[in-house]
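S.K.: Handing you this structure, nothing more for now.
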Amino acid sequence: MTGRVLVITSGKGGVGKTTTTANIGTALAKAGNKVVLIDTDLGLRNLDLLLGLENRIVYTIVDVVEERCKLKQALVKDKKNPNLCLLAAAQTRDKTAITGEQLKSICEELKEENDFIIIDCPAGIEQGFENATAGASEAIVVATPEMSAVRDADRIIGLLEAKEHIEKYNLLLNRVRPNLIKTNDMMSVDDVVEILSCKLIGIIPEDTGIITSTNKGEPIVNDEKSLAGQAYQNVAKRIMGEDVEFLDIDQPQDFISKVKAFFLNLFKKEA
Amino acid sequence: MKEIFADIYNKVVDFFTKTEEKDKTKDVARNRLKLVLMQDRTNLNPRLLERLRGEMIDLLSKYVVMDKELLELNFTPEDDQLALMLSIPVIRAKDEEEIEAALKAEDEEKERLAKLAQEADEDEDDEADDDNNEDDEFENDTEEDENSDLEDNSQDNEETKEASSELSENTEEHPKKKKKKKHKKKKNQQLEENVENEENKQETSNTSEQNENNNQEEVKEEQNEENKEEHQE
């Protein structure tokens, strides 16, 4: 088996790299793939929190690199899905504790027994970014429809293009708010895609469910009803090569607009 | 029309239950975060906790009989400080004799370890011979052997087992009482072994073989004791 190695990156912090990693990983594992998630944000790890695995981490990636344990020992199995594993970052070290070469060899080893290796990249374009991208052959650039995020995404795309081992990269637009786009107060998906001229792999709507799911330590893809969960599910399908239409994210979110939409639908039917 | 009202009703119910849930996840987040931050700040990790737990059990089981499966060792945040919470389900306290015996066994074990360390320096081949003999001897009466393989050190394991056989000789005056205790313990032990086996799948098969031996030995031993009891009665 030769797995695919994807890196989730963005340049700017706080756009949802870690959330994206947790959700795409969970969705891929739910579809029957063997998946390993690697947190490369040494010193600022958070992927364990989003997966609810913070109390199960015994060994970290630094322990593997420094040969205090075997790679398999350091993989923490997900609570729900045995197909999903986490290789956590060390919380007490900094980005210099591992090198790109070391991460690459870890990926090579994991490739043999897994379908997908998904690397959560730290924010920034320094050593951490270089390390995280070293072993990957594909990249997903996460951005939100904000000026600063798009600008940083453009910089990242430039850096990725310069790397020969990155065969392809796609854009994932996160925290999209249809209401603001409707009133022309937010750049639309098309605007961002045009500016970055990059292939789109997913549009994730802003969803309050993300907050509660993070609180619980359970990725939102496990919630079939949530719009963001469905959107992530679709991203996973596209990664697996399926041709899925983009979700209509302009759906009522809060209770009042749901009731409104309900009555509007009702009148439509009557008419 | 009925459907419409049912739908509205569901949505209203949904709305209210959702807000309740939100409050709950807020508390979940708060508690998880507090714990994680404490761990980060104090640099405590689960590996350390597990070791501490093992040693706590070793220490406490010298004085009390307890349900080890239910023993909880947790660090919980309390007034901006980290509190070490230890919850021990005590079944009964041990009597003087048992405590003495356990202490004695421990001393002997220490001596044995020291001796073995010496021997190992002098001649490494002796160890192998020892191993073969021990297999026939060991009994599983003491508390010590249950957690000794936390470190996966098969050698340590055997040492404690031998020490335990000595302890059992010392406490044989109360066969009936002991047997009750043993049943409970056996259950625990098997549970623990299962867990351990799962965890150590990647480890060498040494330990699991030992466990198997262990179980067989246990069954035999129990039969013996049952016979003994019948005779007494």
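S.K.: Under 7 Å between Cβ atoms, which residue pairs at least 6 apart in sequence (or on different chains) link something in the stretch A:84-102 that is of a type in the set (V, I, T) with a partner that is open to solvent by 20 Å² or more (accessible area, probe 1.4 Å)?
M.R.: These pairs meet every condition: A:T92/B:N43; A:T96/A:Q127; A:I98/A:V65.
S.K.: Anything in the stretch A:4-28 that is crowded, with 20+ Cβ neighbours inside 10 Å and assigned to a loop (DSSP other than H, G, I, E, B)? List them, or say none. Walk me through how you get there before you give the answer.
M.R.: Of all residues in the stretch A:4-28, those crowded, with 20+ Cβ neighbours inside 10 Å come to A:5-12, A:15-28.
A:S10, A:G11, A:K12, A:V15, A:G16, listed by residue number.
S.K.: Here's a follow-up. I'd like to check something: does the stretch A:35-56 contain any residue that is modelled with pLDDT under 95 and among the β-branched types (V, I, T)?
M.R.: Taking every residue of the stretch A:35-56 in turn, none turns out to be modelled with pLDDT under 95 and among the β-branched types (V, I, T).
S.K.: Checking the condition more than 24 Å from A:L6 (Cα to Cα), surrounded by fewer than 14 Cβ atoms within 10 Å (Cβ to Cβ), charged (D, E, K, R) and within 11 Å of chain B (Cβ to nearest Cβ), which residue from A:K268, A:K225, A:K260 passes?
M.R.: On the way: A:K268 fails: within 11 Å of chain B (Cβ to nearest Cβ); A:K260 fails: within 11 Å of chain B (Cβ to nearest Cβ).
Criteria check complete, one pass: A:K225.
S.K.: Could you tell me which of the residues B:L113, B:L82 is touching a helix residue (DSSP H, G or I) at 6+ places or on another chain (Cβ under 7 Å) and part of a strand (DSSP E or B)?
M.R.: B:L82
S.K.: Further question on the same structure: If you take the residues of the stretch A:29-56 that are out of contact with any strand residue (DSSP E or B) (no Cβ under 8 Å at 6 or more places or on another chain) and over 14 Å from A:G217 (Cβ atoms), which of them is surrounded by the fewest Cβ atoms within 10 Å (Cβ to Cβ)?
M.R.: Across the stretch A:29-56, the extreme among qualifying residues is A:G32.
S.K.: Does B:E69 count as away from every other protein chain (no Cβ under 14 Å), open to solvent by 50 Å² or more (accessible area, probe 1.4 Å) and not in a loop (DSSP other than H, G, I, E, B)?
M.R.: On the way: away from every other protein chain (no Cβ under 14 Å): yes; open to solvent by 50 Å² or more (accessible area, probe 1.4 Å): yes; not in a loop (DSSP other than H, G, I, E, B): yes.
So B:E69 fits the description; yes.
S.K.: Moving to a separate point now. Could you figure out which of (1) open to solvent by less than 30 Å² (accessible area, probe 1.4 Å); (2) assigned to a loop (DSSP other than H, G, I, E, B); (3) out of contact with any Lys or Arg (no Cβ under 9 Å at 6 or more places or on another chain) isn't true of A:I157?
M.R.: Every listed condition holds for A:I157 apart from (2).
S.K.: State all residues of the stretch A:77-111 that are touching a strand residue (DSSP E or B) at 6+ places or on another chain (Cβ under 6 Å) and within 14 Å of another protein chain (Cβ to nearest Cβ); if no residue qualifies, say none.
M.R.: A:K77, A:C85, A:L86, A:A88, A:A89 - these are the residues of the stretch A:77-111 that are touching a strand residue (DSSP E or B) at 6+ places or on another chain (Cβ under 6 Å) and within 14 Å of another protein chain (Cβ to nearest Cβ).
S.K.: Related question: Criterion first (more than 14 Å from chain B (Cβ to nearest Cβ), aliphatic (A, V, I, L, M) and under 23 Å from A:F116 (Cβ atoms)) does A:L247 satisfy it?
M.R.: Numbers: more than 14 Å from chain B (Cβ to nearest Cβ): yes; aliphatic (A, V, I, L, M): yes; under 23 Å from A:F116 (Cβ atoms): yes.
Yes: the conditions hold for A:L247.
S.K.: Related question: Scan the stretch A:121-129 and give yes if some residue there is acidic (D, E) and modelled with pLDDT of 95 or more, otherwise no. Quick ask: steps written out before the conclusion?
M.R.: The first filter runs over the stretch A:121-129 and keeps only residues acidic (D, E), leaving A:126.
Right, trim to modelled with pLDDT of 95 or more and you get none.
No, there is no match, as no residue in the stretch A:121-129 is acidic (D, E) and modelled with pLDDT of 95 or more.
S.K.: I'm trying to understand the selection: among the residues of the stretch B:34-58, which are within 22 Å of B:K68 (Cβ to Cβ), facing chain A (nearest Cβ under 8 Å) and open to solvent by less than 40 Å² (accessible area, probe 1.4 Å)?
M.R.: The answer is B:P46, and nothing else.
Condition check ((1) closer than 22 Å to A:V142 by Cβ; (2) in contact with a Ser or Thr (Cβ under 6 Å, 6 or more places away or on another chain)) across all residues:
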| site | (1), (2) |
| --- | --- |
| A:V65 | no, no |
| A:C69 | no, no |
| A:A74 | no, no |
| A:T96 | no, no |
| A:L103 | yes, no |
| A:E108 | no, no |
| A:E112 | no, no |
| A:C121 | yes, yes |
| A:I125 | yes, no |
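S.K.: Of the residues B:T25, B:T42, B:T19, only one is at pLDDT below 80 and under 41 Å from the mean Cα position of the chain (by Cα); which?
M.R.: On the way: B:T25 fails: at pLDDT below 80; B:T19 fails: under 41 Å from the mean Cα position of the chain (by Cα).
Going through B:T25, B:T42, B:T19 in turn, the sole match is B:T42.
S.K.: Would you confirm, using the coordinates I've provided, whether A:I204 is modelled with pLDDT under 90, on the phi < 0 side of the Ramachandran plot, more than 14 Å from every other protein chain (Cβ to nearest Cβ) and buried (at least 16 other Cβ atoms within 10 Å of the Cβ)? Please lay out each step first, then the result.
M.R.: On the way: modelled with pLDDT under 90: no; on the phi < 0 side of the Ramachandran plot: yes; more than 14 Å from every other protein chain (Cβ to nearest Cβ): yes; buried (at least 16 other Cβ atoms within 10 Å of the Cβ): yes.
So A:I204 fails the test.
S.K.: While we're looking at this one, here's another question. Is it the case that the stretch A:133-153 has a residue that's more than 14 Å from every other protein chain (Cβ to nearest Cβ), under 15 Å from the mean Cα position of the chain (by Cα) and open to solvent by 10 Å² or more (accessible area, probe 1.4 Å)? Break it down into steps so the answer makes sense when it comes.
M.R.: Just the residues of the stretch A:133-153 that are more than 14 Å from every other protein chain (Cβ to nearest Cβ), to begin with: A:133-153.
Within this subset, residues satisfying the condition of being under 15 Å from the mean Cα position of the chain (by Cα) are A:133, A:136, A:138-144, A:153.
Filter once more, so that each one left must be open to solvent by 10 Å² or more (accessible area, probe 1.4 Å): A:138.
Scanning the stretch A:133-153 turns up at least one residue that is more than 14 Å from every other protein chain (Cβ to nearest Cβ), under 15 Å from the mean Cα position of the chain (by Cα) and open to solvent by 10 Å² or more (accessible area, probe 1.4 Å).
S.K.: Here's another thing I want to ask about it. Answer yes or no: is there a residue in the stretch A:69-76 that is at negative phi, away from every other protein chain (no Cβ under 12 Å) and either open to solvent by less than 20 Å² (accessible area, probe 1.4 Å) or of a type in the set (S, T, Y) (or both). I'd like the intermediate steps shown before the answer.
M.R.: Taking the stretch A:69-76 first, the residues at negative phi are A:69-76.
Right, trim to away from every other protein chain (no Cβ under 12 Å) and you get none.
No, the stretch A:69-76 contains no residue that is at negative phi, away from every other protein chain (no Cβ under 12 Å) and either open to solvent by less than 20 Å² (accessible area, probe 1.4 Å) or of a type in the set (S, T, Y) (or both).
The values are calculated or read from the model by the stated rules, or taken from the named source; none is laboratory data. Quantities reported herein were computed from a predicted structural model and do not represent experimental measurements. Quick reminder, even Gly has a Cβ in these numbers, built from the backbone with ideal geometry, and neighbours come from all protein chains shown. Keep in mind that these areas ignore ligands, DNA and RNA; they rest on the heavy atoms of the full protein, side chains included. Shrake-Rupley method; radii C 1.70, N 1.55, O 1.52, S 1.80 Å.
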